[in-house]
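These notes are about the structure you will find just below.
A short reminder: the numbers here are calculations on the coordinates, not readings from a lab. On a predicted model such as this, the values are computed, not experimentally measured, just so you know. Quick reminder, even Gly has a Cβ in these numbers, built from the backbone with ideal geometry, and neighbours come from all protein chains shown.
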Amino acid sequence: MELTEAMTTTGTCRRFDPREVPPEVLHGAFDVARFGPQGGNRQAVRWLVVREAQLKERLQELYLRHWEPYYARIQEGQVRVGGGDRMLVAADEFAHSLAQVPVLVVICARTEDLQVTDSDTDRVSVVGGASIYPLVQNLCLALRDREVATAMTTLVCREEPAVRELLGIPDEYLTAGMLAVGYPARNFPTKLKRLPVEEVVFSDRFGKGLFGTGRAT
Ligand SMILES: Cc1cc2nc3c(=O)[nH]c(=O)nc-3n(C[C@H](O)[C@H](O)[C@H](O)COP(=O)(O)O)c2cc1C
């Protein structure tokens, strides 16, 4: 698949076909995903591929503990999300059928190997994630190239001690998210909804559009 097509059609899949993803397909995708950039090339990321039914059921339970109050807050208008009602209904159905997704990949990273250069600033720390999420997106693209769909989630990070115990994750590793993986029940999207390039690329001063009017906030 051509790279631009993969980048513009790797959307979030919330309805999966029950078909198993063959090990050689997973191997091929992980094998190319590992070439993502990372601070100091410390290679902190480990992928935990969960396929056992009982483990997936427990992960769904842990996810729902946080999804349900979050969903309620969205419905009450307390949390703003970009998608419409259809997306929300799909996300709720997805949450309640997570255990049926063929593969759940728990993303782990060795805390010590993340180059967290902003942990002592007075804003939220994000730099550690920069050694993790490029690899995750690489994995999504590599799977898309193999006609396999994905959905990124992070709610189980709130249940890290329980996830750690369930899956035997050592203390020196943190959990950075959980990727749902499988063949899509329907076609891949042809176009994802994102802000136009004119509004998000600035020239020399924040808010002054490089390709158009720009948008300060
Ligand atoms: C950090 C992160 C966490 C996410 N968590 C969830 C989630 O818990 N449940 C869900 O259905 N989708 C989740 N998503 C998917 C987003 O909702 C999705 O990327 C966004 O709505 C854009 O839709 P698209 O990817 O289909 O274009 C998450 C995505 C990211 C990057």
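What the table below lists for this structure:
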quantity: Calculated P(r) tail over 20 Å for the stretch 122-217, as whole % of Cα pairs; calculated: 62 percent
quantity: Cα-based shape type of the stretch 24-87, given that a ≥ b ≥ c are square roots of the gyration tensor eigenvalues and the cut on a/c is 1.5; calculated: prolate
quantity: Loop-located chymotrypsin sites (Phe, Trp or Tyr not before Pro) in the stretch 1-47 whose Cβ has at most 13 other Cβ within 10 Å (DSSP); calculated: 35
quantity: Excluding exposed DSSP-loop GluC sites (Glu not before Pro) (at most 14 other C-beta within 10 Å), longest clean stretch of the chain; calculated: 77-146
quantity: Neighbour-limited loop hits for trypsin sites (Lys or Arg not before Pro), the stretch 176-213 (at most 16 other Cβ within 10 Å; DSSP other than H, G, I, E, B); calculated: 186, 191, 193, 194
quantity: Shape category assigned to the stretch 20-146 from the gyration tensor of Cα positions, a/c cut at 1.5; calculated: oblate
quantity: Shape of the chain, Cα gyration tensor, a/c cut at 1.5; calculated: rounded
